[in-house]
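Enquirer: The structure under discussion is supplied below as structure tokens; questions concerning it will follow.
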Amino acid sequence: MRTQVAIIGGGPAGLILAQQLHVAGIDSVVLERRSRAYVEERIRAGVLEQGTVSLLQRIGAAERLNAEGLPHHGVSLACDGETFRIDLQAVAGKPLTVYGQTELTRDLNAILATRDQPVFEAEDVALHDIATDEPYVTYRKDGQEVRLDCDFIAGCDGAHGVSHKMIPQDLRKTFERIYPFGWLGLLADVPPCSHELIYSNHPRGFALASMRSTQRSRYYVQVSLDEKLEDWPDDRIWDELAIRLGPKAAAGMTRGPSLEKSIAPLRSYVAEPMRHGRLFLAGDAAHIVPPTGAKGLNLAASDAYYLCEAIVGFYRNGSQTGLDGYSAQALSRVWKAVRFSWWFTQLMHRFPGDDGFAHRVQVAELDYLSRSRAAQTAMAENYVGLPY
Ligand code: APR
Ligand code: PHB
């Protein structure tokens, strides 16, 4: 088999890239290890930047997003019983859109299915000759070995994929911060307690009230890394949310059985460069951000955007310039989101072992943020998403 771009991984990065390339008249094959049912059931993020929404609109993947996405014009931050709202629309000129990554994945899969893509349950995907002009990928599908020749390989296979491992160790530099806590998430089919998101810094730890729709809520509480899911029956999570989010949110909260519960550790991670020869990494394959600020999915989209532009430049003008600049261009935006999600994580969580200094700095910063339009602008510009 032959294609122009072999895309490894059918998460948001791979699916958005495939659709963008298609719109530009470039052929690709998406190889996804899991089944369609598995990827479409996976519960993931749910807040889209305007840049992500516009990109999805341009590539014809926003029909349901336009109809069902919930525009959010503001966000609330709470600390020790005090809450203030940042008017995102007023200070940054853009809203955010609440729309589940799960829904986005379904929409893109439905579009790609009309071209018999992605190839699901592609096993043992392996990359070959990436440092030459004739790279290829091998995999197994229904017991058959397949060889896929291509011009480029896009490694969109997330943090646990095979692509990032192909960049030689001595050419790679990695950067990491591990945070001493995780997020316990709960999804339930109940109306949200607030029509906007609430991020709360509470003596018992961080909590977040979010949503997927007007009838589906998504909540998180900060937990220590040794917590076990078995020790968190639904009632305990609801009780904890009611305390940490405060009386007003608690009064508006509807409890219901969890559809999904999970604990995820928080970390920041970047591997540089995002390119080796004909292999280009995009999304979680190259970087991880803590969920505070919801940047992961949006970075997958911006990487896909830059990569597509570079590939289009190559086919249209025979120019290598975009390809050569891809890693630096993508990383410049990635590091700003790494910076923002690290800052927002530090601001909103309780750090074990703090002697009170870190928390007083948080209180001072939140007080400043609540009063200073300049500070709110800096926060909101990053939160709604920096321009591409
Ligand atoms: N071969 C083929 N596919 C693979 C392989 C492999 N060896 N390894 C992983 N995959 C697939 C995974 O099953 C997954 O569907 O690659 C896909 C990677 O998707 P994501 O993990 O969603 O990563 P990405 O597309 O970069 O999107 C990042 O998704 O995980 C969230 O929080 C993250 O919001 C962020 C966004
Ligand atoms: C979510 O709804 O899953 C979500 C929202 C905002 C975040 C992180 C996660 O900062």
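The values are calculated or read from the model by the stated rules, or taken from the named source; none is laboratory data. Quick caveat: nothing in here was measured; it's all calculated off a predicted structure. Note: ideal-geometry Cβ built from the backbone for every residue, glycine included; neighbour counts use all protein chains shown. The area values use the complete protein model at the heavy-atom level, side chains included, leaving out ligands, DNA and RNA. Shrake-Rupley method; radii C 1.70, N 1.55, O 1.52, S 1.80 Å.
Enquirer: Counting Lys +1, Arg +1, Asp -1, Glu -1, what net charge surrounds R177 among other residues with beta carbon under 12 Å of its beta carbon? Please report the intermediate quantities before stating the final value.
Expert: Working: positive: R267, R339; negative: E176.
Net local charge, R177 excluded: +1.
Enquirer: Sort W343, W183 from largest to smallest accessible area, using a 1.4 Å probe on the heavy atoms of the protein chains. Kindly include the intermediate steps, with their values, before the conclusion.
Expert: On the way: W343 45, W183 10 Å².
The most accessible residue leads, giving W343, W183.
Enquirer: Using alpha carbons only, how many angstrom separate the centre of segment 33-94 from the centre of segment 351-388?
Expert: About 21 Å separates the Cα centre of segment 33-94 from the one of segment 351-388.
Enquirer: Over the chain, what per residue volume does the convex hull of the Cα atoms give, in whole Å³?
Expert: Once divided by residue count, the hull of the chain is 143 Å³.
Enquirer: Right, something else. May I ask you to evaluate 6.51 cos²θ - 1.76 cosθ + 1.60, the Karplus curve with θ = phi - 60°, for each residue of segment 142-150 and list the ³J(HN,Hα) values in order in whole Hz, giving x for glycine and proline?
Expert: Going residue by residue, I get 6, x, 9, 7, 10, 10, 10, 7, 7 Hz, with x marking Gly and Pro.
Enquirer: Let me ask you something else. Would you kindly state how much longer the chain becomes between E227 and R36 on full extension, computed as 0.36 nm times their sequence separation minus their alpha carbon distance, in nm to one decimal?
Expert: 65.6 nm
Enquirer: Still on this structure, I have one more. Rounded if a/c is under 1.5, else prolate if a/b beats b/c, else oblate: with a ≥ b ≥ c from the C-alpha gyration tensor eigenvalues square-rooted, which is segment 161-283?
Expert: prolate
Enquirer: Around L323, with a cut-off of 15 angstrom between Cβ atoms, what is the net charge of the other residues, counting Lys and Arg +1 and Asp and Glu -1?
Expert: Once all neighbours under 15 Å are counted, the net charge is -2.
Enquirer: Here's a follow-up. Please identify the helices of the chain, taking whole runs of DSSP H, that span at least 27 Å along their own axis as judged from the Cα atoms and have a mean Kyte-Doolittle score of -1.0 or higher.
Expert: In the chain, the long hydrophobic H runs are 296-317, 321-348.
Enquirer: OK, next. Kindly identify segment 1-62 as rounded, prolate or oblate by the Cα gyration tensor criterion: order the square roots of the eigenvalues as a ≥ b ≥ c, call it rounded if a/c is under 1.5, otherwise compare a/b with b/c, prolate if a/b is larger, else oblate.
Expert: Values: a/c = 2.69, a/b = 1.10, b/c = 2.44.
It comes out oblate by the Cα gyration axes.
Enquirer: Hey, another quick one. Provide the per residue accessible area, probe 1.4 Å, for segment 52-208, rounded to a whole number of square angstrom.
Expert: Heavy-atom SASA per residue in segment 52-208 reads 44 Å².
Enquirer: While we're looking at this one, here's another question. Between A249, A122, A131, find the one with the highest GNM mean-square fluctuation for the chain; connect C-alpha pairs within less than 10 Å.
Expert: Answer for the Gaussian network model of the chain: A131.
Enquirer: Also, I was wondering about something else. Using a/c under 1.5 as the rounded threshold, could you call segment 103-182 rounded, prolate or oblate? The axes a ≥ b ≥ c are square roots of the C-alpha gyration tensor eigenvalues, and prolate needs a/b larger than b/c, oblate otherwise.
Expert: It is oblate, given that a/c is not under 1.5 and a/b is not larger than b/c.
Enquirer: How much mean residue ellipticity at 222 nm does the chain get from its helices, if each DSSP H run of length 4 or more adds -39500 (n - 2.57) and you divide by all residues, to the nearest 500 deg cm²/dmol?
Expert: -11500 deg cm²/dmol
Enquirer: Continuing with this model, one more query. What number of lysine-lysine pairs in the chain show an alpha-carbon separation below 17 angstrom, given a sequence spacing of 8 or more or placement on distinct chains?
Expert: On the way: K94/K295; K165/K173; K228/K261; K295/K336.
Value for the chain: 4.
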